[in-house]
Amino acid sequence: MSKIQIVFNRYEKKYLLDERTYHMFKNELEEYMEMDVYGLHTIRNIYYDTKSNELIRTSIEGPKYKEKFRVRCYGEPDYDSMCFLEIKKKYKGLVNKRRVAVPMEEAERFLINGILPSKPNQIFKEIDYLFNHYDLEPKRYIAYDRIAMFGKEDPDFRVTFDKDIRSRVFDLTLYKDDENDYLLPPGYRLMEVKIADSMPIWFAKLLSKYEIYSISFSKYGNFYKKQLLTEADGIVARGAEAKSILGGAVI
């Protein structure tokens, strides 16, 4: 089966909305934007990193250039489903996505056994180089439920709303979506704005009207930092327990 290469170059802005603000803001957007044909749909991802989490640790430090690799599917996959192998790079705020669509079976042959397709395209070759350069391995599952909208006058202007952002670091498969940890409080949405050229004036005015401000937000980065805090709390708790036990022994 032929591989579909897809390349995006755009700026991405992120905003955090509570439930009340989300509903009011989205209602106003409907004058200028339309929901895509998929409606509310689930996106599942497996993020890859080095054994020492080099990619996400570097990303959190906020360099001018950073990159990630993930495998993505839409909805609940089966063995015949298509998935996307995606390199995501960011340089001085400009996001470059390079991804290839392949059947799950072929993706698994590459990801698990390192077997390239018989005629890999340019992006597949770049992904293979990335794997060999970093010695990547699956590190984290992240999923969320998304509504996507596009501009009526400018279809390249897109806004997405993600809720129930969830993750786990075990059983790293796209076929399963349970036993997850959640990132945001119930009702909150992460709004992402995809801008190819410039933000429409009407959209900037809506942001000002509802006092919505952009934030730096990475799903993978925030889950990783949350994991570090949990591990640190565990170390403190184990240290306190050991101190209590030793104190009891001395007494």
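Things to note:
- Each residue in segment 90-110 was checked for being surrounded by 16 or more Cβ atoms within 10 Å (Cβ to Cβ) and under 22 Å from THR58 (Cβ atoms), and 4 pass.
- Inter-residue pairs, beta-carbon under 6 Å, first modelled with pLDDT under 95 and in segment 4-25, second assigned to a helix (DSSP H, G or I), 6+ apart: GLN5/ILE123
- Residue check, SER81 open to solvent by less than 40 Å² (accessible area, probe 1.4 Å), among the hydroxyl-bearing types (Ser, Thr, Tyr) and either more than 29 Å from TYR32 (Cα to Cα) or over 17 Å from the mean Cα position of the chain (by Cα) (or both): yes
- Considering segment 26-55, and only residues there that are more than 14 Å from ILE142 (Cα to Cα) and of a type in the set (Val, Ile, Thr), the residue that is least open to solvent (accessible area, probe 1.4 Å) turns out to be THR50.
- Qualifying residue in segment 226-233 (condition: surrounded by fewer than 12 Cβ atoms within 10 Å (Cβ to Cβ) and at positive phi): no
- Among residues that are assigned to a helix (DSSP H, G or I) and open to solvent by 10 Å² or more (accessible area, probe 1.4 Å), ASP128 is included.
- PRO117, sole failed condition from (1) touching a strand residue (DSSP E or B) at 6+ places or on another chain (Cβ under 6 Å); (2) more than 20 Å from ILE165 (Cα to Cα): (1)
- Number of the exception - ARG146 against (1) over 15 Å from ARG44 (Cβ atoms); (2) outside any loop (DSSP other than H, G, I, E, B); (3) basic (Lys, Arg); (4) open to solvent by 20 Å² or more (accessible area, probe 1.4 Å): (1)
- Cross-chain or 6+ apart pairs with Cβ under 9 Å, segment 87-116 first and over 13 Å from ASP128 (Cα atoms), then small (Gly, Ala, Ser): LYS90/SER59; PRO103/SER81; MET104/SER81
- LYS64 open to solvent by 80 Å² or more (accessible area, probe 1.4 Å), charged (D, E, K, R) and either under 18 Å from the mean Cα position of the chain (by Cα) or modelled with pLDDT under 95 (or both): yes
- Residue, nearest to the chain's Cα centre (by Cα), within segment 182-191, restricted to residues that are surrounded by 15 or more Cβ atoms within 10 Å (Cβ to Cβ) and assigned to a loop (DSSP other than H, G, I, E, B): LEU183
- Of the criteria (1) over 15 Å from ARG44 (Cα atoms); (2) surrounded by 15 or more Cβ atoms within 10 Å (Cβ to Cβ); (3) modelled with pLDDT of 95 or more, which one ILE123 fails: (3)
- Every residue from segment 152-181 that is exposed (fewer than 14 other Cβ atoms within 10 Å of the Cβ) and not in a loop (DSSP other than H, G, I, E, B): ASP181
The values are calculated or read from the model by the stated rules, or taken from the named source; none is laboratory data. Keep in mind that this is a model prediction, so the values were computed, not measured. Glycine also receives a Cβ, built like all others from the backbone with ideal geometry; neighbour counts cover every protein chain displayed. Accessible surface areas use protein heavy atoms only, side chains included; no ligands, DNA or RNA. Shrake-Rupley method; radii C 1.70, N 1.55, O 1.52, S 1.80 Å.
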